[in-house]
Amino acid sequence: MCTCMGVMKSDILEAIDQGADSFEALSEELGVGTGCSTCVEEVQQLLAQKKQKCCSS
Ligand code: FES
């Protein structure tokens, strides 16, 4: 997912599960998006999808 920081999709999903609810929180926790930032959009999409699934009822 974020090749610059060596962060996998599973790492991001796990961080979201543990309460990271914004891109900023994920960035702080994992460092995503702090390099080339091409992953920013992907991470935000993942976050949005995950939130929909988790809280939509
Ligand atoms: S791939 Fe995430 S900052 Fe470059």
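The values are calculated or read from the model by the stated rules, or taken from the named source; none is laboratory data. Since the model is a prediction, treat every value here as computed from it, not as a measurement. All Cβ positions, glycine included, derive from the backbone under ideal geometry; neighbour counts span all protein chains shown. Only protein heavy atoms, including side chains, enter the accessible area calculation; ligands, DNA and RNA are left aside. Shrake-Rupley method; radii C 1.70, N 1.55, O 1.52, S 1.80 Å.
How large a share of the accessible area of the chain, in percent, is made up of carbon and sulfur atoms when the probe is 1.4 Å and the other protein chains stay in place? Before the final figure, lay out the partial values.
Details: 1790 of 3810 Å².
Whole-percent figure for carbon plus sulfur exposure: 47.
Counting helices only, and only those DSSP H runs with n ≥ 4, report the 222 nm mean residue ellipticity of the chain as the sum of -39,500 (n - 2.57) divided by its residues, in deg cm²/dmol to the nearest 500.
It lands at -17500 deg cm²/dmol.
Given charges of +1 on the Cβ of Lys and Arg and -1 on the Cβ of Asp and Glu, with all other atoms neutral, how large is the dipole of the chain about its Cα centre, in debye to the nearest 20?
Taking the Cα centre of the chain as origin, the dipole is about 220 debye.
Given a 1.4 Å probe, how much area per residue of region 9-55 is accessible, in Å²?
Normalised by residue count, the accessible surface of region 9-55 is 65 Å².
First select every other residue whose beta carbon is under 15 angstrom from the beta carbon of Glu29; then total the charges, Lys and Arg +1, Asp and Glu -1.
Charge balance in the 15 Å sphere: -4.
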